[in-house]
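What follows is a short report on a single structure.
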Amino acid sequence: MPQRSTPVQFTTIRKNPETVMADTLVVGLHPDLRLTGVFQDLDRLLNRPVQEWLKSRGFEARTGQLLSGPAPAGSRVQEVLFVGLGKPGKLSRRRFRGILGSVMERLVRSGNHSVVNTLTALPLEGMSAAWRIRQAVEATHDALYRFTECRGTGGAQALPPRLEKIHLVLGPDAGSEVGIRQAIRDGQAIAQGVRLCRDLGNRPPNLATPRHLATEARKLAAQNPRFRVRILTEKEMGSLGMNALLAVAQGSAEPPRLIVLEYRGSHSRQAPIALVGKGITFDSGGISIKPAAAMDEMKFDMCGAASVLGTLQTVSLLDLPLHVVGVIAAAENMPGGRAVKPGDIVRSLSGQTVEILNTDAEGRLVLCDAMTYVQRNYKPRVLLDAATLTGACVVALGHHPSGLFSNHEGLARDFEKAAEDAVDPVWRMPLWEDYQDALSSNFADFANIGGRDAGAITAACFLWRFVSEVPWIHLDIAGTAWKTGAQKGATGRPVPLFSQYLLDQARAAH
Ligand code: BES
Ligand code: MN
Ligand code: ZN
C-alpha cells in the first residue's frame with residue numbers, strides 16, 4: 001500500500017545554499033543572530049538588515065522558536081524559515097532532533113515541495129555531521145507519515161503531503177562522501193522500519209489479528225532470501241506445552257500465533273541476537289476486564305511485536321551482517337465462556353507453574369513462553385524484549401523514556417548509549433531480587449501479579465524468572481509506543497533504538 005506517489009528525495013550540497021532553487025531555506029540561529037562558516041554569501045545576503053528585522057519581530061532564537069521571513073534579494077528561494085537554537089553549547093541531541101521534527105512538520109503542513117535545510121551544516125557539540133544528516137532524514141519521514149489506509153470516500157480529507165526534495169547542507173566537518181551517503185541510507189532504512197511499525201500499530205484490531213501479524217512476517221521474509229519464517233499454530237504450541245501463552249488466547253475467537261522470523265546475515269555459526277515482542281492484538285483485560293475509557297488504545301498492545309518486525313525490516317534493508325531471530329507472541333486477550341479465570345493455574349513451557357490472579361497481566365504470560373522457546377531453540381547470545389507491559393511504567397516515567405531493565409551491566413550500558421545516539425531514550429529501572437517476593441503464590445510456583453507497588457518492576461521480575469544465563473534487556477514501552485489525544489497513533493519506537501544497537505553490533509564486528 002504505497003502512501004505517496006513520489007517518495008521524498010535527499011541530496012547534499014557543500015556550499016552556497018542560497019543558490020539552490022527551493023520553496024524554503026531553513027536557517028538556524030543562536031541568540032547573537034549571526035550567520036557563520038559555510039554561509040559566507042548567505043551572510044552577505046541576510047546579515048545586517050535581517051538581524052534588525054528579526055529583532056523587530058521578537059525573534060530571540062529561543063530554542064525551537066520559528067519565524068518565517070521573505071526571501072532575500074538575490075536568492076532562489078521563496079521564503080526563509082528562521083529557527084532558534086538557544087545558547088551555543090546548550091543544545092542537547094534530543095532538543096536538536098525535536099527542532100528538526102517541528103521544522104519538517106511545519107513545512108509539510110504548509111504544502112512545501114522543496115527545502116534547503118542548513119541545520120545539518122551546523123557544528124553542534126556532540127553531534128557529528130553523519131549523525132545530523134541521519135536525524136534530518138528520519139525527522140523528515142516522521143513528519144511525512146500519514147495513516148490513510150482505512151479512509152473511505154466520506155469526510156473531509158487532508159491534502160497529502162507534497163514534500164519532494166530535501167537539500168541537506170553539509171558543514172566543513174562533513175568528511176567523506178561515503179560516510180554521508182551511508183548516513184542517508186541508514187536514516188532511510190530506519191525510517192522504513194519505523195513506518196512498518198507505525199502502520200502495524202495503527203491498523204485496527206479487527207484487521208491486525210495474530211494471523212495478520214503472521215502474514216506480515218511472511219511478507220517481510222519474502223523481501224530478502226536471508227529470512228526464514230516459522231509460524232506455530234495453537235495445536236503446535238499445545239503439544240510443546242506453551243500453556244501460559246495459550247491461556248491468554250483461549251477466551252478469544254482469534255487463534256494465537258507464535259511467529260519466528262530468523263535473519264541470517266552472517267555466515268558464521270554465531271549465536272543470534274534474539275528479539276521478542278509482545279503481540280497482544282487487543283487487550284480487553286479478559287475476565288479482569290478494563291474500564292471502557294480509551295479501551296480502543298489497547299489495539300496498540302502489539303507495538304512490541306510491530307517493533308520487532310520494523311527492526312527486521314531495517315536490518316534487511318541494510319543487509320546487516322548479523323544473525324538475528326525475532327519472535328512474536330501474538331494473541332488476543334478477551335473475556336468469554338472459555339476465557340482463563342482469576343485463580344487458574346497453568347504450567348508454562350519452562351515447567352514453572354503460574355497462578356493467574358489477574359487476567360489483565362497477560363503480556364508477561366505470552367512473553368514468558370516465547371522467551372523460553374527462543375532460548376531453548378536458538379541459544380541466543382543476547383535476549384531483548386519489547387512490550388507495552390504495564391500502566392505502572394507510564395505512571396513512573398511518563399511518555400519520554402522507555403523503561404529499561406537488565407540483568408547485565410555491560411549490555412545495559414550499550415543500550416543506554418544506543419538510545420542516546422538514536423534519540424530513542426530509555427531510563428534504567430531497578431531489577432532487584434528484593435522485589436521477587438511480591439509474586440509469591442499460595443498455590444503455584446508464583447503468581448502473575450505483585451501488589452499495587454512497583455508494578456513495572458514486578459512485571460520485569462516475572463519475566464526475569466524465565467531468563468537463563470543470558471544477557472537480557474527488557475524494554476517497557478507502554479508510555480512510548482504510541483501517543484494519545486489529538487496526535488493518537490503509533491510512534492514506531494523502539495525501532496530506532498533496536499536498529500542502532502544492531503548497527504553498533506554489526507559495525508563493531510567488521
Ligand atoms: N497492556 C497493558 C499495559 C498498559 C496499560 C499499557 C495502559 C499502556 C497503557 C497490560 O497488559 C496491563 O493491562 N497491565 C496491567 C497489569 C496489572 C493487572 C498488574 C496494568 O498495567 O494495569
Ligand atoms: Mn493487560
Ligand atoms: Zn496488555
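Would you call Leu170 of a type outside the set (Val, Ile, Thr) and open to solvent by less than 10 Å² (accessible area, probe 1.4 Å)?
yes
Pick out the one residue from Arg230, Arg162, Arg146 that is assigned by TED's automatic domain parsing to the domain that holds Leu320 and either among the basic types (Lys, Arg) or not in a helix (DSSP H, G or I) (or both).
The unique qualifying residue is Arg230.
Within the group Gly363, Gly391, which residue is in contact with a helix residue (DSSP H, G or I) (Cβ under 9 Å, 6 or more places away or on another chain), open to solvent by 20 Å² or more (accessible area, probe 1.4 Å), small (Gly, Ala, Ser) and touching a residue at least 12 places away in the same chain (Cβ under 8 Å)?
Just one listed residue meets the conditions, Gly391.
Each row is one residue, and each column tells you yes or no for (1) within 13 Å of ligand 1 (Cβ to nearest atom); (2) under 23 Å from Glu262 (Cβ atoms); (3) in contact with a Lys or Arg (Cβ under 7 Å, 6 or more places away or on another chain).
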| residue | (1), (2), (3) |
| --- | --- |
| Leu322 | no, yes, no |
| Val325 | no, yes, no |
| Ile345 | no, no, no |
| Leu365 | yes, no, no |
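With respect to Ala249, determine if the residue is touching a residue at least 40 places away in the same chain (Cβ under 8 Å) and within 16 Å of ligand 2 (Cβ to nearest atom).
Considered against the rule, which asks whether it is touching a residue at least 40 places away in the same chain (Cβ under 8 Å) and within 16 Å of ligand 2 (Cβ to nearest atom), Ala249 comes out as yes.
If I ask for residues that are open to solvent by less than 10 Å² (accessible area, probe 1.4 Å), part of a helix (DSSP H, G or I) and more than 19 Å from Gly265 (Cβ to Cβ), which ones from the stretch 487-503 would you list?
Within the stretch 487-503, Leu497 is the sole residue that qualifies.
Is it true that Ala271 is assigned by TED's automatic domain parsing to the domain that holds Cys368, part of a loop (DSSP other than H, G, I, E, B), free of Cβ contacts under 8 Å to residues at least 40 places away in the same chain and surrounded by fewer than 24 Cβ atoms within 10 Å (Cβ to Cβ)?
For Ala271, the condition - assigned by TED's automatic domain parsing to the domain that holds Cys368, part of a loop (DSSP other than H, G, I, E, B), free of Cβ contacts under 8 Å to residues at least 40 places away in the same chain and surrounded by fewer than 24 Cβ atoms within 10 Å (Cβ to Cβ) - is not met.
Check Arg44, Arg151, Arg106, Arg95 and return the single one that is assigned to a helix (DSSP H, G or I), open to solvent by 70 Å² or more (accessible area, probe 1.4 Å), at pLDDT below 95 and of a type in the set (Lys, Arg).
Of the residues listed, the single one that is assigned to a helix (DSSP H, G or I), open to solvent by 70 Å² or more (accessible area, probe 1.4 Å), at pLDDT below 95 and of a type in the set (Lys, Arg) is Arg44.
Write out, first by first residue and then by second, each pair whose Cβ atoms fall under 6 Å of each other, whose residues are 6+ apart or on separate chains, and whose first residue, in the stretch 184-211, is in contact (Cβ under 8 Å) with a residue 40 or more places away in the chain and open to solvent by 10 Å² or more (accessible area, probe 1.4 Å) while the second is among the aliphatic types (A, V, I, L, M) and outside any helix (DSSP H, G or I).
Correct list of pairs: Arg198/Ala490; Asn202/Ala490.
Answer with yes or no whether Gly336 is over 20 Å from Arg376 (Cβ atoms), away from ligand 3 (no atom under 16 Å from the Cβ) and touching a Cys at 6+ places or on another chain (Cβ under 6 Å).
Criteria not met by Gly336.
Quick one: Ile289 ticks every box in (1) within 12 Å of ligand 1 (Cβ to nearest atom); (2) in contact with a strand residue (DSSP E or B) (Cβ under 7 Å, 6 or more places away or on another chain) except a single one, so which number is it?
Condition (2) is where Ile289 drops out.
Just to be sure I understand, how many residues within the stretch 400-434 are assigned to a loop (DSSP other than H, G, I, E, B), in contact (Cβ under 8 Å) with a residue 60 or more places away in the chain and out of contact with any His (no Cβ under 8 Å at 6 or more places or on another chain)?
6
Among (1) at pLDDT 95 or above; (2) at positive phi; (3) open to solvent by 40 Å² or more (accessible area, probe 1.4 Å), where does Gly86 come up short?
Gly86 satisfies all of (1) at pLDDT 95 or above; (2) at positive phi; (3) open to solvent by 40 Å² or more (accessible area, probe 1.4 Å) except (3).
The values are calculated or read from the model by the stated rules, or taken from the named source; none is laboratory data. Quick caveat: nothing in here was measured; it's all calculated off a predicted structure. As a convention, Cβ positions derive from the backbone with ideal geometry for all residues, glycine included, and neighbour counts pool all protein chains shown. These area figures cover heavy atoms from the full protein model, side chains too; ligands, DNA and RNA do not enter into them. Shrake-Rupley method; radii C 1.70, N 1.55, O 1.52, S 1.80 Å.
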